[in-house]
Amino acid sequence: MRVVIAPDSFGGTLSAREAGTAIAEGWRRVHPDAELAVVPMSDGGEGLLDALLAGGLAGTPVREREVVDPRGLATTARWLLRDGTAVIESAEACGLHKLAPERRDPRLTTTWGVGQLLDEARAAGARRILVGLGGSATVDGGTGALSGLGFRLMVADGSGLKVGGEDLPRVTAAARTWVADWDGVEVVLLADVDDVLAVAPAVYGPQKGADEATVAHLEQGLAAWQVVAERDLGASPQLATTPGSGAAGGLGYGVAAGLGARFARGAAAVADLQDLDGVLAGELRADLVVSGEGRLDVTTAAGKVMAVVAERAAAHGVPTAAVVGSAVVPGDGLADLEEAAPDGPGADPAAEVADAAARLAGRWAQGS
């Protein structure tokens, strides 16, 4: 039996690599002789670099840069460069995980550090830059990232726009004042969601610390920013309604408006980078794929990791099963499903996932 294990991370408790290791451990309890191939996955959010370093980009030297974190303090962010292609995980600079709950406030958080990483990659010679958009603490429409790249964003009196979403409704102009030459550099935005710019505050603002009044303020700010981006940067009016433009609080919108970046489905792009198709249909064809994520819900089918893994497996005639932390919708497209919700305080997530994988392996052996 050859089993390909291709999970996403489990909601901040297990990385994709750790989840894959736990699933493999559980599977071997029941099938000790099974051939297992672990392919950590990501949709472009937090954990993107770790997944790639454990798979298709294994051995790539990790580069580091001191950048601005979501609240304007110094932090060290990692990024990758291999054969002219750079990979940036925006959460390394502006990730929600970098802030304690009491410090999360999208009126004050910025994507500035992502702009610094982009410019670092360009200066290092990257001709193609992949940017994972998920997991941010921000709703600034990417204005912080553009400022970090050398764009000048201004309010009515000509002074600079402050970072964060608080001042965004006052933006009146944008200029490429100190921007370097980006000719010949392709920027691809790996979106983990399909949301458009206008809905970013209402959908993601609350988890980033926004109350109802702040959500309304951020909506006003993004609307003002869209007008300026279209007039001064030449952004297409269709950009704001492009799926993914609302990812990371509009970070993708800003980078696309300023650098002409294009959007791609994050999970599909990572599947390509990890050569998932090659692993599934290689010299020894897989008999089963086991995927997984922290929560199976209605968003899973919208291009998330488990949906993409199931699609790729189906194309090769391979059935898919999954281990998930919890499920609130049926596992459509999955041959079998096992939940691994932690059993109370102090539970070990890796042990729970391994136990769930063992139960799944047992049912699989019985043909259920």
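The values are calculated or read from the model by the stated rules, or taken from the named source; none is laboratory data. What you see is a predicted model; the values in this text were computed from it and never measured. Cβ atoms come from the backbone with ideal geometry, glycine included; neighbour counts cover every protein chain shown. SASA here: full protein model, heavy atoms, side chains in, ligands and nucleic acids out. Shrake-Rupley method; radii C 1.70, N 1.55, O 1.52, S 1.80 Å.
A few notes on this one:
- The range 1-23 - residue that is farther than 10 Å from Met41 by Cα and among the charged types (D, E, K, R) and, of those, nearest to the chain's Cα centre (by Cα): Glu18
- Within the range 198-229, considering residues that are of a type in the set (A, V, I, L, M) and over 23 Å from the mean Cα position of the chain (by Cα), the one farthest from Leu133 (Cα to Cα): Ala213
- A Cβ distance below 8 Å, combined with a sequence gap of six or more or placement on separate chains, defines the contacts here; from the range 311-322, residues that are among the aliphatic types (A, V, I, L, M) reach residues that are surrounded by 15 or more Cβ atoms within 10 Å (Cβ to Cβ) and in a helix (DSSP H, G or I) in the pairs Ala313/Leu280; Val318/Leu280; Ala321/Leu360; Ala321/Trp364; Ala322/Met306.
- The residues on offer are Ala354, Ala271, Ala261, and the sole one that is of a type in the set (A, V, I, L, M), touching a helix residue (DSSP H, G or I) at 6+ places or on another chain (Cβ under 9 Å), within 18 Å of Arg29 (Cβ to Cβ) and at pLDDT 95 or above is Ala354.
- Filter result for Pro7 (under 18 Å from Asp277 (Cβ atoms) and at pLDDT 95 or above): yes
- Residues satisfying the stated conditions in the range 320-333, i.e. out of contact with any helix residue (DSSP H, G or I) (no Cβ under 7 Å at 6 or more places or on another chain) and buried (at least 21 other Cβ atoms within 10 Å of the Cβ): Val324, Gly325
- Residues being over 24 Å from the mean Cα position of the chain (by Cα), closer than 21 Å to Arg363 by Cβ and at pLDDT 80 or above - total across the range 338-349: 1
- Answer residue from the range 3-35, given it is open to solvent by less than 30 Å² (accessible area, probe 1.4 Å) and in a strand (DSSP E or B) and is nearest to Gly325 (Cα to Cα) among those: Phe10
Each row is one residue, and each column tells you yes or no for (1) over 30 Å from Ile5 (Cα atoms); (2) in a loop (DSSP other than H, G, I, E, B).
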{"residue": "Ala51", "(1), (2)": "no, no"}
{"residue": "Ala86", "(1), (2)": "no, no"}
{"residue": "Glu92", "(1), (2)": "no, no"}
{"residue": "Pro106", "(1), (2)": "yes, yes"}
{"residue": "Asp119", "(1), (2)": "yes, no"}
{"residue": "Leu130", "(1), (2)": "no, no"}
{"residue": "Asp140", "(1), (2)": "yes, yes"}
{"residue": "Gly144", "(1), (2)": "yes, no"}
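- Conditions (1) in contact with a Pro (Cβ under 8 Å, 6 or more places away or on another chain); (2) open to solvent by 10 Å² or more (accessible area, probe 1.4 Å): number failed by Arg176: (1)
- Any hit, the range 41-60, residues being within 30 Å of Gln366 (Cβ to Cβ) and of a type outside the set (S, T, N, Q): yes
- Of the criteria (1) open to solvent by less than 10 Å² (accessible area, probe 1.4 Å); (2) more than 21 Å from Leu81 (Cβ to Cβ); (3) touching a strand residue (DSSP E or B) at 6+ places or on another chain (Cβ under 6 Å), which one Met154 fails: (1)
- Tally of residues being open to solvent by 10 Å² or more (accessible area, probe 1.4 Å), in contact with a Ser or Thr (Cβ under 8 Å, 6 or more places away or on another chain) and either basic (Lys, Arg) or part of a loop (DSSP other than H, G, I, E, B) (or both) across the range 56-84: 5
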